[in-house]
Amino acid sequence: MHELGLVNYVVKQVTEIAEENNVKRIASVTLEFGEVSGIVTSYLNDYWNWYTKKFPLFDGAKLICEEIPAVTWCDDCKKTYPTVIYGKTCPHCGSGNTWLLKGNEMNIKQIEVEDNPEAPADDVTRQ
């Protein structure tokens with residue numbers, strides 16, 4: 001159920017960026033999130049479609065989701081490996097002295113804007 005909170009956060013952040021840049025309409029928002037973040041894409045899309053209807057800025061805006069693969073680092077052998085396949089135990093040396101390097105994050109990667117429906121869309125990215 002944290003997907004609704006994420007959608008609320010994204011809408012708030014994108015609205016602030018749009019206001020700073022005099023944007024009147026959002027065409028799409030691309031989110032990237034980690035493979036082990038616990039985000040359920042179908043829930044995220046459902047909440048996006050429901051929640052953004054309340055804001056004219058987001059009228060018809062698409063949500064694009066990209067997954068970041070989970071990667072774990074082994075402190076003993078100094079190698080990385082895919083987390084989902086092997087879990088906490090390093091497949092290279094068998095150590096449990098590991099930690100998640102990436103794959104639990106969520107970022108707003110890109111915002112595509114459309115100021116004028118007849119004009120081509122531009123990209124606005126904020127780091």
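Taken together, the values in this text are just the output of simple stated rules run on the coordinates, not laboratory data. Note that this is a predicted model, so its numbers are computed, not measured. Neighbour counts are summed over all protein chains in view; Cβ atoms, including those assigned to glycine, are modelled from backbone coordinates with ideal geometry.
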If Lys and Arg each add +1 and Asp and Glu each add -1, what is the summed charge of the other residues whose beta carbon sits under 12 Å from the beta carbon of Ile64?
-2
Cysteines in the chain that, by Cβ-Cβ distance, have no pairing candidate under 4.7 Å:
Cys65
What is the sum of charges around Asn104, taking Lys and Arg as +1, Asp and Glu as -1, for the other residues whose C-beta is under 13 Å from the C-beta of Asn104?
-3
Given R₀ = 35 Å, FRET efficiency for Leu57-Asn97 by Cβ-Cβ distance, to 0.05?
0.15
The set of residues whose placed amide H lies less than 5 Å from the amide H of Ala27, leaving out same-chain residues fewer than 5 positions away, is Glu112, Val113, Glu114
Karplus-derived HN-Hα couplings along region 6-23 (A = 6.51, B = -1.76, C = 1.60, θ = phi - 60°), whole Hz, x at Gly and Pro:
5, 4, 4, 4, 5, 4, 5, 5, 5, 4, 4, 5, 4, 5, 4, 10, 6, 7
